[in-house]
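Working notes, beginning with the structure itself.
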Amino acid sequence: MMVSLFDQFASPLYLGIPLIAIAIALPWILYPTPSPRWTNNRLITMQKWFINRFTNQLMLPLNVGGHKWALLLISLMIFLITINMLGLLPYTYTPTTQLSLNMGFAVPLWLATVIIGMRNQPTIALGHLLPEGTPVPLIPVLIVIETISLLIRPLALGVRLTANLTAGHLLMQLIATAVFVLLPMIPTVAILTATVLFLLTLLEIAVAMIQAYVFVLLLSLYLQENV
């Protein structure tokens, strides 16, 4: 029996060993390995089509220097989509509801984009901290504000992904509990509540995919500013 609604976000243990490593590594096993033959089955063909389309869409605004990040960004998005979707299944665990994991993705990748900008084009990278045509009295204030906005980017990335998934899981838990309680007392209301739960589940499937896409899209925008 759950003591708290937030117990569902605790990392499961088996013989005292946290299973978060298995939850993170398992999604890669689900994807088929492409065959060296010319003809592939429908699943691999659809997988290649999706990856190619998304790569073209993501790399379109970037110049040639940013195309080196294609493999990393595509792998990250597929990984996030997979563990978000698997977390919607019953009796499963969603690692991306942990802020520490999301910050572990956001901070190094954001820092890499900043370092690339400082290394390749330091003048333009530093120029983002001060908009052109700023009045002289406002220069110190704007530099501080732009620096804070730059440093808060990884926090926004991690918190956005964590908050959206956590809120969705909590809503599903609350509505499912309401259905379980109302079913023996008011079956009609319970059926209506179950319909809402079904619609919310469809919404959460969309959120699981959209949040992974937004996470990678924002990283590509940060990269676009620095390459």
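The values are calculated or read from the model by the stated rules, or taken from the named source; none is laboratory data. Just so you know, these numbers come straight off a predicted model, no measurement behind them. With ideal geometry, Cβ positions are generated from the backbone for all residues, glycine too; neighbour counts draw on all protein chains shown. Calculation scope for accessible area: heavy atoms of the full protein, side chains included, ligands and nucleic acids excluded. Shrake-Rupley method; radii C 1.70, N 1.55, O 1.52, S 1.80 Å.
Quick notes on this structure:
- Sole residue being within 17 Å of Glu225 (Cβ to Cβ), surrounded by 14 or more Cβ atoms within 10 Å (Cβ to Cβ) and touching a residue at least 24 places away in the same chain (Cβ under 8 Å), chosen from Leu111, Leu157: Leu157
- Residue match in region 50-62 (condition: among the aliphatic types (A, V, I, L, M) and in a loop (DSSP other than H, G, I, E, B)): yes
- Looking only at region 87-96, and only at residues there that are open to solvent by 10 Å² or more (accessible area, probe 1.4 Å) and hydroxyl-bearing (Ser, Thr, Tyr), the one that is nearest to the chain's Cα centre (by Cα): Tyr93
- When Thr147 is tested against (1) of a type outside the set (D, E, K, R); (2) over 30 Å from Gly117 (Cβ atoms); (3) at pLDDT below 90, exactly one condition is not met: (2).
- Filtered by the rule that a residue be open to solvent by less than 60 Å² (accessible area, probe 1.4 Å) and either acidic (Asp, Glu) or over 10 Å from the mean Cα position of the chain (by Cα) (or both), region 98-108 gives Gln98, Leu101, Met103, Gly104, Val107.
- Among residues that are closer than 30 Å to Asn63 by Cβ and exposed (fewer than 13 other Cβ atoms within 10 Å of the Cβ), Ile152 is included.
- Test for Thr134: is it open to solvent by less than 70 Å² (accessible area, probe 1.4 Å), in contact (Cβ under 8 Å) with a residue 12 or more places away in the chain and polar (S, T, N, Q): no
- From the options Thr162, Thr195, residue that is open to solvent by 50 Å² or more (accessible area, probe 1.4 Å) and not charged (D, E, K, R): Thr195
- Against the numbered list (1) part of a helix (DSSP H, G or I); (2) open to solvent by 50 Å² or more (accessible area, probe 1.4 Å), Ser75 comes up short only at (2).
- Here Leu129 fulfils each of the conditions (1) assigned to a loop (DSSP other than H, G, I, E, B); (2) without any contact (Cβ under 8 Å) to a residue 12 or more places away in the chain apart from (2).
- Matching residues, region 175-206, being farther than 23 Å from Asn164 by Cβ and either touching a residue at least 24 places away in the same chain (Cβ under 8 Å) or not in a helix (DSSP H, G or I) (or both): Leu183, Pro184, Met185, Ile186
- Residue that is open to solvent by 60 Å² or more (accessible area, probe 1.4 Å), at pLDDT 85 or above and not aliphatic (A, V, I, L, M), where the choices are Asn56, Asn41: Asn56
- Residue check for Met209: outside any helix (DSSP H, G or I) and open to solvent by 80 Å² or more (accessible area, probe 1.4 Å): no
- Of all the criteria given as (1) within 23 Å of Leu203 (Cβ to Cβ); (2) open to solvent by less than 80 Å² (accessible area, probe 1.4 Å); (3) hydrophobic (A, V, I, L, M, F, W, C), the one not satisfied by Ile20 is (1).
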